[in-house]
1. Scan the range 17-36 and report the pairs whose first residue is closer than 15 Å to residue 58 by Cβ and whose second residue is open to solvent by 100 Å² or more (accessible area, probe 1.4 Å) and among the acidic types (Asp, Glu), with Cβ atoms within less than 9 Å and a gap of 6+ or a chain change.
2. Would you check which residues across the range 1-50 are of a type in the set (Lys, Arg) and in a loop (DSSP other than H, G, I, E, B) and list them?
3. Going through the range 6-29 one residue at a time, which ones are modelled with pLDDT of 95 or more, open to solvent by 70 Å² or more (accessible area, probe 1.4 Å) and not β-branched (Val, Ile, Thr)?
4. Within the range 30-65, take every residue that is more than 17 Å from residue 5 (Cα to Cα) and among the basic types (Lys, Arg) and give me the one that is modelled with the lowest pLDDT.
Amino acid sequence: MPEQSCENCKIRKKYDDNPKSIAGRLWRWHINFCPGWKKYYFSVSDKERAELESKYNFTKYKEVH
């Protein structure tokens, strides 16, 4: 999976537009185990990673990096 896929994901955009939508909630749940998201997450800078953690309330790998 190319790293850009997560950055430009249409379902991620649905979350960004409306986090409470079914598609948005499904995407948010999905990133907890998606290997593509994990690769994307670790490919960005520390600053961008912190922004992702904050924006998506994502703490799964926080202790790892």
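The values are calculated or read from the model by the stated rules, or taken from the named source; none is laboratory data. The structure presented is a predicted model; accordingly, all values stated were derived computationally and were not measured. A quick note on method: Cβ atoms are made from the backbone with ideal geometry, for glycine too, and the neighbour counts reach across all protein chains shown. With ligands, DNA and RNA removed, areas are computed over all heavy atoms of the protein, side chains included. Shrake-Rupley method; radii C 1.70, N 1.55, O 1.52, S 1.80 Å.
1. Correct list of pairs: 24/17.
2. In the first step, residues of the range 1-50 are kept if they are of a type in the set (Lys, Arg); the result is 10, 12-14, 20, 25, 28, 38-39, 47, 49.
Listed by number, the list holds a single entry, 20.
3. 13, 14, 17, 18, 20, 25, 26, 29
4. This residue is 62.
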